[in-house]
Amino acid sequence: MTKKRNGNNGNTEGLKRLLVKFVGGEKEPQEVLIGPGTTTADLLRELDLNTNNFSLGKGQADEVFGADEALYPQLDDGGLVYASSQVIAGQ
Amino acid sequence: MGLFTNLTKKFKKKPVVRVITPQQPKPRIVQPDNTPLYVKRGWAKNGNTYHGYYRTRYGAFRGEITRRGDKFNVYIFKPPVEQIKKHSRWPCFHQGRNDKWRIALARNPNDGDISAIIIYVERIIIESFTR
């Protein structure tokens, strides 16, 4: 289900509403609206998060979105995404 | 008869009637749970050290993460070595004593969030089994 026209908040038709939670729990969860074509990097930038330092996922370890991956087709309206810091193993 | 009628009238109780005005149920706004992921996953903090399990569909592996300022020492006990050997991050696993392996990090979470480390190690385990 996607958002229909809302007189108070402008036209949100075709947008999906998501809740972004931060895995560390130190930042408050944020609601966002995304349109078709929105990538992980677009959303992170909108949240003032450095795209090199953060990633988005569905909360499970194997469900992390790539930086250029389009989020819109992969998430449902009212869905939940998790933002977490980038960690890289290295010697 | 007249006396009985008078007494009945005198002691006749008035029925108790109370009109309850219907109240609109107050909307309950449920706030999203903001518990850190490491707490939800059952990791416990003891000083600067966290203990818990890296949980994947391929098994749960005991872990330990120690914080030293903005750096983290990450350990896993009895990891699935045969699988992880196939992973590109295998050289970052260093065997210590008693099946305790250290996972060297090139990049630590910049917000000091150990939940990100837990997710990352779980991802390596999952990738090791699926590649």
Anchor B:K100: aspartates and glutamates whose Cα lies under 19 Å away (excluding residues fewer than 8 positions away in-chain): B:E64, B:E82, B:E122
Nearest 10 degrees, 0 to 90: helix B:114-130 Cα axis against chain B principal axis: 60
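Run through the DSSP bridge list for chain A and note the antiparallel percent, rounded to the nearest 5. Intermediate results must be reported in sequence, preceding the final value.
Values: 13 of 18 bridges.
Of the beta bridges lying entirely in chain A, close to 70 percent run antiparallel.
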Count, for each residue of B:121-128, the Cβ atoms from other chains sitting within 10 Å of its Cβ, then give me the mean as a whole number. 3
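So how much slack lies between A:T51 and A:E31, counting 0.36 nm per residue of separation and subtracting their Cα-Cα distance, in nm? Spell out each step's value before the answer.
On the way: separation 20, 0.36 × 20 = 7.20 nm, distance 1.86 nm.
Full-extension gain reported as 5.3 nm.
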Beyond 26 Å between alpha-carbons counts as too far, so tell me which of A:K21/B:K85; A:K16/B:K45; A:K21/B:K45 fall in that bin. A:K21/B:K85; A:K16/B:K45
Share (percent) of C-alpha pair distances in segment A:3-85 greater than 21 Å works out to 25
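Can you tell me which of B:58-70, A:32-44, B:113-125 comes out highest on packing, and rank the rest after it, using the mean Cβ neighbours within 10 Å?
Numbers: B:58-70: 15.3, A:32-44: 17.5, B:113-125: 24.9.
Descending mean neighbour count gives B:113-125, A:32-44, B:58-70.
Just check chain B against the gyration tensor rule for me: Cα atoms, a ≥ b ≥ c as the square roots of the eigenvalues, rounded for a/c under 1.5, and otherwise prolate or oblate depending on whether a/b exceeds b/c. Don't skip to the end; give the middle numbers.
Values: a/c = 4.69, a/b = 4.24, b/c = 1.11.
Judged from the Cα gyration tensor, chain B comes out prolate (a/c at least 1.5, a/b above b/c).
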From the backbone phi of segment B:66-75, what are the Karplus-calculated ³J(HN,Hα) couplings (6.51 cos²θ - 1.76 cosθ + 1.60, θ = phi - 60°) in whole Hz, Gly and Pro given as x? 10, 9, 10, x, 9, 10, 10, 9, 10, 10
How far apart, in nm, are two points set 7 Å out from the Cα along the Cα-to-Cβ line at A:D77 and at B:V81? 5.4
Which of the three applies to the protein assembly as shown, rounded, prolate or oblate, going by the alpha-carbon gyration tensor with a ≥ b ≥ c and a/c under 1.5 meaning rounded? prolate
Within the under-14-Å Cβ sphere about A:V81, not counting A:V81, Lys/Arg +1 and Asp/Glu -1 give a net charge of -2
Quick one: which residues, 5+ away or cross-chain, put their amide H under 5 Å from the amide H of A:F54? H built at 1.01 Å from N. A:Q86
Between helix B:2-11 and chain B, what is the angle of the helix's C-alpha long axis to the longest principal axis, kept within 0 to 90° and rounded to the nearest 10? 20
Would you kindly derive the ³J(HN,Hα) couplings of segment A:27-40 from the backbone phi angles with the Karplus curve 6.51 cos²θ - 1.76 cosθ + 1.60 (θ = phi - 60°), listing them in order in whole Hz, with x for Gly and Pro? 9, 5, x, 10, 8, 9, 10, 10, x, x, x, 5, 9, 4
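Any idea what the relative contact order of segment A:3-85 is, in percent, if you count C-alpha pairs under 8 Å spaced at least 6 apart? Walk me through the numbers on the way to the answer.
Details: 148 pairs, mean separation 28.3, N = 83.
For segment A:3-85, the relative contact order is 34 percent.
So, counting K/R as plus one and D/E as minus one, what does the shell of residues with Cβ under 11 Å around A:D62 add up to? Can you show the working numbers first?
On the way: positive: A:K58, B:R57, B:R123; negative: A:E63, B:E122, B:E127.
Here the count lands on 0.
Computed from the coordinates by the stated procedures, all read-outs in this text should not be read as laboratory data. These numbers come from a predicted model, not from an experiment. Virtual Cβ from ideal backbone geometry, glycine too; neighbours counted across all protein chains shown.
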